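The values are calculated or read from the model by the stated rules, or taken from the named source; none is laboratory data. Keep in mind it's a predicted model, so treat the numbers as computed, not measured. Here the Cβ is made from the backbone with ideal geometry for all residues, glycine too, and neighbour counts use every protein chain on show.
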Amino acid sequence: MLSVAKVQRRNAWRYYVRGVAFGDGRRPAGQSLKAAQELAGLPPGRWLGRGLRALGLTAGAEVLKRQLELLFGEGRHPDADRIERGLLDDGVDAATARRETVLGQPIEEIEARKQTPLLALDFTFRPQASLIVLWALGDDQTRRVIERAHERAVARALRWLEDEVAETRWSSGRGRAKTPALVVAAFRHYDNRDGFPLLHDHCLVLNRVQRLDDNGEPVWGALDTYRLYQNVVAAGTLYTLAITTEVCEELGLATVPREVTPGLRPVMEIAGVDSELIDWSSTRRQQIEDVLEGLTYKYAQKHGRLPGEKARHGLGWWAAQDTRREKKTPRPLEQLLAWWKASALLKFGKQVVDGLLHRCRAAGAAIRARVDPVVDTALAAVDVAAVVFTVRGRFARRHVLAEARRHLLETLRGREFTRGLDDYIASRALSDHGRQTTDPQPGRRAPAADQIFYTADFPEPDPWWIAGTDGKPPRESSRYERARVASLAVRNAIRAARTAAAGQADAPAATSAAHTDDQHHDPASAPPHAVDHPGRDAALTPTQRAAAIHAHQQAAMPEEYLGGRTTDAATWLRTPKNLERLAAFTRAADARRRAYEDNKPPAAPDVPDDGRRQEHEQQNQQPGHGQGPGPRP
C-alpha cells in the first residue's frame, strides 16, 4: 500500500528532519541525528535512486542530517558547504557562491512570487495488515524474508516510477523531458503512534531532477509532480503485488480476500492470519472507524443523504487526522518485538501466537492445491476493462495497469508470474475493449501514451440497495460492486461462447478465421510472457466475440440487480431515496385531502345516513347530455 504527502518549504520539511528521520518521535534539542538514532536503536536513513550519481552520493549510503537540511530544506546540493567554501577561497563573492550550490530555481525566487515551493514528496510504503502481523510475531527467518521482500518491492516500485513516469517540466510546462533518475531518502519505521507493529518506509522523493539543455549541458529542474500523483495507485499496486508474491513463494503461503469496508475492494491478506490478530495490530483503524461514524451522521444531518464514495474518502481523511496522536518515544526493534509478543500472548495465548506460521502454511498449501498458477489473458483483459469502465467511465492506461495488477494478485493468490504480464493484460484490455476518446488537436503536441483516455461500450449495471447489518441503515451498492457484476456477466458470456466453440468439431473454417482475423488470440503468436489457460484452443471468432458482447449488453446478470433492488423488498423500501419519495407522496396526499375538505360543499338536508347515500344519489341522478332517461322513482 502506498500513500503520498507533500514536503514543503515552511515547517513541513522540519517535521521530516526532526521527526520522520527519528522514527516519528521527537528528537531531543541539540542532539545530532546520528547520535539520537543510535541511542534510540533506530536504523539510519539510506539513499536510493539513480539520480544520486549526479550529486556524488552512493545508493545505500547513510543519510546525514546536514544533507537532509540542504536538500529538503533549502533545495541545495547535499555537499553545498564544502562547494561554497571552495568558491569563496577562489575569490567568488558570497551571493554567486551560494547560487552555484542551488539545484534549479532558488526557493527564494519562488517565494517572492507568493508561491509555496514544493521540495519533495513523501511516498510511504507499507505491507497489508496480515503481513505486518506475521512479521511482528514470526521467527527471525520469517521476519528477514518479509523485510527483504519489502525492500525489493519498494525498489521495484521506485524503478518503475523512474522508467515509466518521472518527467521534468520547464517553461510553464511547454518543455518536457523524461528523467529516469530520482533522488530518494528512505527511512524505516517499525511501529505506529500507539506502539503497535507497522512496518513501513518513508521515501522522500526530491523535487529536483537533472536534464540536458539545448547545448547538451546538465541542468537541474523540477519534477512533474502531477504525473507522480496520477500514478500513485499503479505504483502502490505494483509494490503490493511484488511483496506479496515474494513472501508467499518464499514461505509457501497464499492470500485470501478480506473485506475491510463494505462495498469497497477487498484486501488480499495472508491466509491463516485470524481477523482478531489483524484487529489487535490495527489499533488506528478502530479509532478511525469510531470517529468516522460520528462524521457520517453529521454529514447526513447536514446534507439530508448518506455520503457517496468520494465523500466517504474525505470523511475518512478527517477521521484519521482527528485520531492522530502525539509523537511517541522511539524504541529499538528488539524491545518492540518482545512487547508485541507479550501483548499477543496475553490476549490470544501461546498456541495461537506460536502456531501462526504453521497455520498460514497449512492454509496456503490448501489454496495452492486448488488454484492453478495460470492466467487466461483473454478473460483477464475483459475483467480489467469491465471493472475500470464501470468504476470510472473514462480511464487512462495507468488505471488499467493498476487493475491488471490487482487481477493478478486476486487470481494467482500469491503465485509467481512472468514479469511483464501486467503490462500485457493492460495493453490487451485497451486494444480489445477500449475506445479512445482523446483526439489529437491540430497544431498542438500529440498527447503521450499515458495521457490518452479511453472508454468502453459495456453498459453500466443499475445500482441496487444492500441490507444494513448491526443496526446500520441500508446502503447503495458501490461502483466496485457494480463493476464486479458487470465483469462477471461478460466473462460468463465469453465462457459460454467458448464452450459452444469447443463443441463445434465440424467447423474448422471458423477456427481458421479466428486465427487469421485475430492473431493475438493464437497462443503461438502471443508474447513469451503470456500465460494462458490450458483449454484455450477454442478461440473466439469475430462473430462469437460480438455475440458475447451483445449478451452483456442485454444485461446478463441477476434480475434483482437489474430491478435496482435487493431480494428483500423491505430493504428497498427502507432506502433513503425511497423513504424520501414515500414522504413526498404522503405530503402530497395530505395536501389534497386538506384542499378537498376546505372546498367541500354542504351536505343536502334530505341525504339519508351514510349507509344509504349511494342508493339515494342513484335515485336522484338527472340525465345528462347524450344519455337516455334517468332512473324513475
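Key figures for this structure:
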{"quantity": "Residue, farthest from the chain's Cα centre (by Cα), within the stretch 234-255, restricted to residues that are surrounded by 17 or more Cβ atoms within 10 Å (Cβ to Cβ) and over 24 Å from T124 (Cα atoms)", "calculated": "L251"}
{"quantity": "Residues (in contact with an Asp or Glu (Cβ under 9 Å, 6 or more places away or on another chain) and either farther than 20 Å from L198 by Cα or crowded, with 19+ Cβ neighbours inside 10 Å (or both)) located in the stretch 147-166", "calculated": "A149, H150, A153, V154, E164, V165, A166"}
{"quantity": "Only listed residue being farther than 24 Å from V7 by Cβ and either modelled with pLDDT of 95 or more or not aromatic (F, W, Y) (or both), chosen from G236, G175", "calculated": "G175"}
{"quantity": "Subset of the stretch 175-225 (residues that are in contact (Cβ under 8 Å) with a residue 60 or more places away in the chain and charged (D, E, K, R))", "calculated": "R188, D191, R193, D194, D201, R208"}
{"quantity": "Residue ID - modelled with the highest pLDDT, chosen from residues in the stretch 148-172 that are under 14 Å from R211 (Cβ atoms) and among the acidic types (D, E)", "calculated": "E162"}
{"quantity": "Tally, over the stretch 106-140, of residues that are within 30 Å of R156 (Cα to Cα) and either part of a loop (DSSP other than H, G, I, E, B) or in contact (Cβ under 8 Å) with a residue 24 or more places away in the chain (or both)", "calculated": "23"}
{"quantity": "All strands (runs of 3 or more DSSP E) inside the stretch 183-293 with 2 or more residues being assigned by TED's automatic domain parsing to the domain that holds Q141 and over 25 Å from I367 (Cα atoms)", "calculated": "184-191, 197-206, 209-212, 218-223"}
{"quantity": "Residue list for the stretch 178-233, filter: surrounded by fewer than 18 Cβ atoms within 10 Å (Cβ to Cβ), closer than 24 Å to V133 by Cα and modelled with pLDDT of 90 or more", "calculated": "V233"}
{"quantity": "Test: A381 is over 15 Å from T237 (Cβ atoms), in contact (Cβ under 8 Å) with a residue 24 or more places away in the chain and small (G, A, S)", "calculated": "yes"}
{"quantity": "Verdict on E151 being part of a helix (DSSP H, G or I) and in contact with a Lys or Arg (Cβ under 7 Å, 6 or more places away or on another chain)", "calculated": "no"}
{"quantity": "Filter result for A369 (small (G, A, S) and either under 22 Å from the mean Cα position of the chain (by Cα) or buried (at least 24 other Cβ atoms within 10 Å of the Cβ) (or both))", "calculated": "no"}
{"quantity": "Residue in the stretch 91-99 that is among the acidic types (D, E) and farther than 30 Å from T329 by Cβ present", "calculated": "yes"}
{"quantity": "Boolean, A448 is without any contact (Cβ under 8 Å) to a residue 12 or more places away in the chain and among the hydrophobic types (A, V, I, L, M, F, W, C)", "calculated": "yes"}
{"quantity": "Every residue from the stretch 410-431 that is surrounded by 20 or more Cβ atoms within 10 Å (Cβ to Cβ) and touching a strand residue (DSSP E or B) at 6+ places or on another chain (Cβ under 8 Å)", "calculated": "R413, G414, L430"}
{"quantity": "Matching residues in the stretch 451-477 - criterion: being at pLDDT below 70 and polar (S, T, N, Q)", "calculated": "T469"}
{"quantity": "Failed criterion for D122 (all others in (1) within 23 Å of the chain's Cα centre (by Cα); (2) of a type in the set (D, E, K, R); (3) modelled with pLDDT of 95 or more hold)", "calculated": "(3)"}
{"quantity": "Residue that is surrounded by 13 or more Cβ atoms within 10 Å (Cβ to Cβ), touching a Ser or Thr at 6+ places or on another chain (Cβ under 7 Å) and either without any contact (Cβ under 8 Å) to a residue 60 or more places away in the chain or farther than 30 Å from A483 by Cα (or both), where the choices are L345, L357", "calculated": "L357"}
{"quantity": "A21 being modelled with pLDDT under 75, within 28 Å of the chain's Cα centre (by Cα), surrounded by 15 or more Cβ atoms within 10 Å (Cβ to Cβ) and assigned to a helix (DSSP H, G or I)", "calculated": "yes"}
{"quantity": "Failed item, numbered, when A496 is tested on (1) at pLDDT 75 or above; (2) farther than 30 Å from G304 by Cα", "calculated": "(1)"}
{"quantity": "Residue in the stretch 97-104 that is without any contact (Cβ under 8 Å) to a residue 12 or more places away in the chain and under 24 Å from G45 (Cβ atoms) present", "calculated": "no"}
{"quantity": "Test set (1) in contact with a strand residue (DSSP E or B) (Cβ under 7 Å, 6 or more places away or on another chain); (2) more than 24 Å from P106 (Cβ to Cβ); (3) assigned to a helix (DSSP H, G or I); (4) among the aliphatic types (A, V, I, L, M) - A35 fails condition number", "calculated": "(1)"}
